[in-house]
Every structure is written in C-alpha cells, then in structure tokens.
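Structure first, commentary second.
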Amino acid sequence: MKRSTLDILVCPACRAKLELAGDGSEIEAGMLTCAACQKNYPIEQGIPRFVRLDELTGQNQKFARFYDWFSAIYAPGARLTYKLFGERGRRRILRHLEPLSGRVLETSIGSGPNLPYFINSLLVEAVHGMDISAGQLAQCQRYVRKRGWGVELVQANAEELPYQDNTFDALFHFGGINFFNNMKKAVDEMVRVVRPGAKVVFSDEGERVAKAYEWALPSFKSFFKGKRQQVRAPVDLVPGEMEDVQLEWILGGHVYIIEFRKPKKNVEVNE
C-alpha cells in the first residue's frame, strides 16, 4: 500500500480518520487504527484488511469462503474466458464508463481481469480495487505486481466501503452483487464514494446464468437451501436523485448493465 492511499481511507464502521504508525512510501505490513472508535485493521502483504471471514454473515460469508477456495482456478479461467469468448461483451460493459479519467475504483475486483482497460486508459490517474475475498485479492496482487502496475488494493465489504465521501471519478462493479446481503446498501455506498458528476456502472448476470450455475456447481445451489430469490436487474435500488439512469440487457439477455451519474449539485429531497 502506498502511504498516500491513507489520505482517502476511513474506518468502515464509523468513517473516521485512520492512523498508521511508522513511515515510508510503501507499506507492506502494519496496523491502521481508527482515531474515533479505536478499531484496528491490519495491513498484510501490502493490503489493508477491513474484513475478516469469521466476522462476515449470511451470503457475504458464504461467497467469500467460496471464492477464497475457488480463486486459484478462477483467476486463469476468467482471463481465458474473456480472451476466447467474452472480450466483446466485456468491452460493451466497460464502454459505459467512457469518457474515463481521474481516480477509478473497481469494487469486487476479483483476480483483476478488467484492469488492462483501466491501466491503458490515458486519462486515468489512479486505479483502486477492493474485494471481500482474500484469495481473489492474492491472485489480483500477483497479477498486478508481475506487470508492474500501481493498483491499490483493499479487502473490504462493498456494503461498507473504507473510503472517504466524494473520492472517485468513476466506479465499476461486475459480478456478485446479485447475492450480497444488502444490495441497497452496496449501491448507496457506490453513490457516497464517488464525486459529484461521476459515473457509476454495475453489472451482473441474469436469472438464466444463475440457473446454469446451479446446474454446473452444486455447491452454488446449496448456498441458498432451496430459497434463492429470482435474479433481477435492481435498477430500483438506484437513489431517485441520480441522473442519466439507464438499464441495458446484453448477450441475449444474460447480463444486465445499470449506469447512472451522481448529480453535480446537491439535490434537496422532500421528506
């Protein structure tokens, strides 16, 4: 972790400032301490850890555990799948972010298959990524270090992002949000951490893909104990004051894309 990243991090529990002992521009290990609630968050192998597997609950814990186990297979598989079959679809999703510039955050970054798009965008100044799975982040870190990319990673819950308000110029999320404990809270967090005027794009697979996962991965189906809700595009979770809200289904209705823009000026909402 770059020490400069500390300027945009906050305690996910109370959003107060974090303090770090020691000096140096690159931090591989240490402890972040909240100045308000005194919670401690370790930095391990250069990654601040804002969640622990045993503290997660519900679907968040189940899927974090699953991806920790699956990450070694998922990482090369995801990149190969994109290369052979999904590059067109991925570009169609990512182009919703254009024009892209400034500081970018990808939530649920996984093993990092979308990073070349951000790294190769000439106007992007900094790339940040977070994921709930330590296994996925380990794969992503190996990927970016091998290529010498300066991507700042954190382990966190997308429902409690450890970033200051109005920090990012664009935010992207693909996959996983269908089965978060609290999708609404995750969308609200996306809104909170982007700057006024910033674009947010989040996307995931539809119901037909979810059924395919149940057929191909019995463990996936067991997560829900026969009570899985039908997947839908949660465009209704986008706050009403957001601008340019759009919903698109692509790849034969298998994947939805939701995009919106945070208003440039504060909007008064009548209660």
**Study point:** Sole exception among (1) surrounded by 16 or more Cβ atoms within 10 Å (Cβ to Cβ); (2) in a helix (DSSP H, G or I) for PRO48, by number
**Key:** (2)
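Residue by residue, here is whether (1) part of a helix (DSSP H, G or I); (2) open to solvent by less than 30 Å² (accessible area, probe 1.4 Å); (3) among the hydrophobic types (A, V, I, L, M, F, W, C); (4) modelled with pLDDT of 90 or more holds:
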residue: GLY86; (1), (2), (3), (4): yes, yes, no, no
residue: ARG91; (1), (2), (3), (4): yes, no, no, no
residue: GLU106; (1), (2), (3), (4): no, yes, no, yes
residue: SER111; (1), (2), (3), (4): no, yes, no, yes
Point to revise | Of residues in the stretch 224-238 being in a loop (DSSP other than H, G, I, E, B) and surrounded by fewer than 16 Cβ atoms within 10 Å (Cβ to Cβ), the one modelled with the highest pLDDT | key: ARG232
Check your understanding: Condition test on ALA170, is it at negative phi, assigned to a helix (DSSP H, G or I), within 13 Å of the chain's Cα centre (by Cα) and hydrophobic (A, V, I, L, M, F, W, C)?
Key -> no
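Going through the stretch 8-23 one residue at a time, which ones are open to solvent by 40 Å² or more (accessible area, probe 1.4 Å) and more than 23 Å from the chain's Cα centre (by Cα)? Step through it out loud before you land on a result.
Filtering the stretch 8-23 for residues open to solvent by 40 Å² or more (accessible area, probe 1.4 Å) gives 13-15, 17, 19, 21-23.
If the condition is that a residue be open to solvent by 40 Å² or more (accessible area, probe 1.4 Å) and more than 23 Å from the chain's Cα centre (by Cα), then GLU19, ALA21, GLY22, ASP23 are the ones that fit.
For every residue, the table says whether it meets (1) under 15 Å from the mean Cα position of the chain (by Cα); (2) surrounded by 13 or more Cβ atoms within 10 Å (Cβ to Cβ); (3) modelled with pLDDT under 95.
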position: ILE73; (1), (2), (3): no, no, yes
position: THR81; (1), (2), (3): no, yes, yes
position: GLN155; (1), (2), (3): yes, yes, no
position: GLU160; (1), (2), (3): yes, yes, no
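For every residue, the table says whether it meets (1) closer than 18 Å to ARG49 by Cβ; (2) in contact with a helix residue (DSSP H, G or I) (Cβ under 7 Å, 6 or more places away or on another chain); (3) assigned to a helix (DSSP H, G or I).
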residue: PRO116; (1), (2), (3): no, no, yes
residue: LEU122; (1), (2), (3): no, no, no
residue: VAL127; (1), (2), (3): no, yes, no
residue: MET130; (1), (2), (3): yes, no, no
residue: LEU137; (1), (2), (3): yes, no, yes
residue: CYS140; (1), (2), (3): yes, no, yes
residue: LYS146; (1), (2), (3): no, no, yes
residue: LEU153; (1), (2), (3): yes, yes, no
Practice item. Just one of (1) open to solvent by less than 20 Å² (accessible area, probe 1.4 Å); (2) among the polar types (S, T, N, Q); (3) part of a loop (DSSP other than H, G, I, E, B) trips up GLN38, so point out which. Key: (1)
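The values are calculated or read from the model by the stated rules, or taken from the named source; none is laboratory data. Predicted model, so just to flag it, every value in this text is computed and none were measured. Note that we place each Cβ from the backbone using ideal geometry, even for glycine, and neighbour counts take in every protein chain shown. Protein only, heavy atoms only, side chains kept; ligands, DNA and RNA dropped before computing areas. Shrake-Rupley method; radii C 1.70, N 1.55, O 1.52, S 1.80 Å.
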